[in-house]
Amino acid sequence: MSRRPVIAVIGAKDASVEALAEAEALGRGLVDAGFRVATGGLGGVMAAASRGARQADGWEEGRVVGVLPGASADDANPWVDVAVPTGMGYARNVILVAMADVVVAVGGGAGTLSEIAMAWQHHKPIVALELGEGWSARLAGERLDERRADAVVGVKDAAEAVEVVLGLLGR
């Protein structure tokens, strides 16, 4: 059996109601499509995606991973199955991005922007929801480097994001 692909869902702790709803639908859709969902393990978009993933019909233990900035697994939101305490603060973003097969951004501020930049540096496909004022909306459709053909794939909603992820991974 091959490894189950990991999709990192990134976004702000203080996200809008619309972003939280899309993140929850995204988590659910990704798990039902057969993926493992990884987040930063805390609140906001991270908690919403984790909650949606746990509510998915296809959920089973181990499908929701939280890569935490602190040293305690107890900091994870209640929907995380596997808590990875790093004690690394924002540097944990490197681990989250490196373990992902695709990174999906939902809104987001400076932390999300740093994760997008790391995904770009790691040559990871980036999907961005075109909602709100966050970095996902600002960068959707942008080519980050004129020397490379890849771009941040902009999508309207969680359902389209899942379809794009499936296409990116040839499923």
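The numbers here are math on the coordinates, done by the rules we state, and not lab data. None of the values given here were measured: they were computed from a predicted structure. Virtual Cβ from ideal backbone geometry, glycine too; neighbours counted across all protein chains shown.
Given 0.36 nm per residue, what is the gain on full extension from Ala117 to Leu169 after removing their alpha carbon distance, in nm? It would help to have the intermediate numbers written out before the result.
Working: separation 52, 0.36 × 52 = 18.72 nm, distance 2.05 nm.
Result: 16.7 nm gained on full extension.
Just Ile126, Ile116, Ile95 to compare: in a GNM of the chain, with alpha carbon springs under 10 Å, which one fluctuates most? Answer for the Gaussian network model of the chain: Ile95. Put in order of Cβ neighbour count within 10 Å, fewest first, the listed residues Val84, Val67 become Val84, Val67. When you count the other C-beta atoms within 10 angstrom of each residue and take the mean per peptide, 153-163, 33-43 line up highest first as 33-43, 153-163. Using the Karplus relation 6.51 cos²θ - 1.76 cosθ + 1.60 with θ = phi - 60°, the per-residue 3J(HN,Hα) values for region 112-117 come to 5, 4, 5, 5, 4, 4 Hz, with x marking Gly and Pro. Annotation: amide H-H contacts under 5 Å for Ala83 (H modelled 1.01 Å from N, sequence separation of 5 or more, or interchain): Gly66.
Placing a pseudo-label 7 Å from each Cα along the Cα-to-Cβ vector at Ser72 and Arg3 gives an inter-label distance of 3.2 nm. How big is the gap, in Å, between the Cα center of region 67-85 and the Cα center of region 153-168? One Cα centre to the other: 27 Å. What the Cβ-Cβ distance of Leu144 and Ala91 gives, at R0 = 25 Å and to the nearest 0.05, is a FRET efficiency of 0.70.
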